[in-house]
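The values are calculated or read from the model by the stated rules, or taken from the named source; none is laboratory data. Keep in mind that what you see is a predicted model, and the values were worked out from it rather than measured. So basically every Cβ, Gly included, is an ideal-geometry build from the backbone, and we count neighbours across all protein chains shown. Areas reflect the complete protein model, heavy atoms only, side chains present, ligands, DNA and RNA absent. Shrake-Rupley method; radii C 1.70, N 1.55, O 1.52, S 1.80 Å.
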Amino acid sequence: MRVFVTGATGWVGSAVVSELLAAGHSVLGLARSGAGAAAVSATGADVLGGTLADLDVLRGGATEADAVIHTAFSHDFARFADSCALDRAAIETLGAVLAGTGRPLLVTSGVGHAPGRIASEDDPPLPTTADYPRASEATAVSLAASGVNAAVVRLPPTVHGHGDHGFVPRLIAIAREKRVSAYVGDGINRWPAVHRLDAASVYRRALERPAEDGPYQAVAEEGVPFRQIAEVIGRRLEVPVVSLSPGEAAPHFGWLAPFAAVDARASSARTRALLGWQPEQPGLLADLDDPAYFTAPARAAA
């Protein structure tokens, strides 16, 4: 297939592009800068210049493609509501082009939080609220209800690998700055995780399935105890590993504090069965124990 990929230069999107090309598909990748265009072109994919705000560009990319994978999102947390509105408009634009064609649209969303149990593919989309206005999955579900061949790939909060610039590198940066690697309480709260290359495999395989089989959860590990993450970071940075009370967590972790304390196990049992998907890359702790995570100051989540 010829696949139009938004976010083709991003952390997940670039892995999706490589996965598709390796499987024999052709790719048209959206790139918003000259450097991004060069990076996409270097993979062997074709380039479409533009941003999520360029709705006519999105229409053109979707029109000439057999399928669309939407991985782009503007991670401007200072203007998060605007980013969410932009994301919704982009998904609706792509869906309008694909309506009635049967051509698939895969939209990226997040794995939900199910207190006291393991979140699964059967759980509803993350609710859209004033505090969390992102509506990626809800928009895709609405499109599917209107006849668009739309499905969702849910990603866990930790999509790791060399070059990671998400939550775990932010934890490293905090530990480096504060000279302690911390966890909250007993640290047995768990984070689901997936390697970016394993996640990319889910997107490719999902293109071959009917939309009604979704959503898919690209989860390789149901829950890695947060204390174990902190222990690897402490050992690598040679700093103490300490427990913090909930009150101490907020000033220590900043905006990351709610995530540092959440217990958010998630399953991918149905996804594995439907797609024949088995993660092949290192798990989070093994990946994190590689010196590559610590050779340069970690960046905040982009």
Checklist outcome for this item: Selection from region 77-103 of residues within 21 Å of the chain's Cα centre (by Cα) and open to solvent by 30 Å² or more (accessible area, probe 1.4 Å) yields PHE77, ALA78, ARG79, PHE80, ALA81, ASP82, ALA85, LEU86, ARG88, ALA89, GLU92
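From the set of residues in region 172-197 that are under 20 Å from the mean Cα position of the chain (by Cα) and not in a helix (DSSP H, G or I), which is farthest from THR9 (Cα to Cα)?
We begin by selecting, within region 172-197, every residue under 20 Å from the mean Cα position of the chain (by Cα); these are 172, 190-197.
Still in the running and not in a helix (DSSP H, G or I): 190-195.
Values: ARG190: 30, TRP191: 26, PRO192: 24, ALA193: 21, VAL194: 19, HIS195: 17 Å.
The qualifying residue farthest from THR9 (Cα to Cα) is ARG190.
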Next on the checklist: Restricting to region 225-266, give me the number of residues that are out of contact with any Lys or Arg (no Cβ under 7 Å at 6 or more places or on another chain) and over 26 Å from GLU121 (Cα atoms).
Outcome noted: 26
Next on the checklist: Quick check on region 46-76: of everything there that is free of Cβ contacts under 8 Å to residues at least 24 places away in the same chain and within 17 Å of the chain's Cα centre (by Cα), which residue is least open to solvent (accessible area, probe 1.4 Å)?
Outcome noted: SER74
Item to check | Single residue of region 24-42 satisfying the filter (in a helix (DSSP H, G or I) and under 17 Å from GLY60 (Cβ atoms)) that is least open to solvent (accessible area, probe 1.4 Å) | outcome: VAL40
Next on the checklist: Return the pair list, or none, for Cβ contacts closer than 9 Å from residues in region 262-278 that are within 13 Å of VAL194 (Cβ to Cβ) and without any contact (Cβ under 8 Å) to a residue 24 or more places away in the chain to residues that are open to solvent by 50 Å² or more (accessible area, probe 1.4 Å) and of a type in the set (Lys, Arg), at least 6 apart or on different chains.
Outcome noted: GLN278/ARG272
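If we only count helices (runs of 4 or more DSSP H) wholly inside region 198-302, which ones have 2 or more residues that are closer than 30 Å to THR101 by Cα, open to solvent by 40 Å² or more (accessible area, probe 1.4 Å) and at pLDDT 95 or above? I'd like the intermediate steps shown before the answer.
Values: elements: 226-237, 246-253, 257-261, 269-275, 284-288.
The qualifying helices (runs of 4 or more DSSP H) are 269-275.
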Checklist entry - Yes or no: SER18 of a type in the set (Ser, Thr, Tyr) and within 26 Å of PRO192 (Cα to Cα)? => result yes
Next on the checklist: Any residue at all in region 2-15 that's more than 22 Å from the chain's Cα centre (by Cα), over 20 Å from ALA138 (Cα atoms) and open to solvent by less than 60 Å² (accessible area, probe 1.4 Å)?
Outcome noted: yes
Checklist entry - Under the condition of being open to solvent by 50 Å² or more (accessible area, probe 1.4 Å) and polar (S, T, N, Q), which residue from region 104-153 is farthest from LEU275 (Cα to Cα)? => result THR129
Next on the checklist: If I ask for residues that are among the β-branched types (Val, Ile, Thr) and touching a Leu at 6+ places or on another chain (Cβ under 9 Å), which ones from region 64-103 would you list?
Outcome noted: VAL68, ILE69, THR71, ILE91, THR93, VAL97
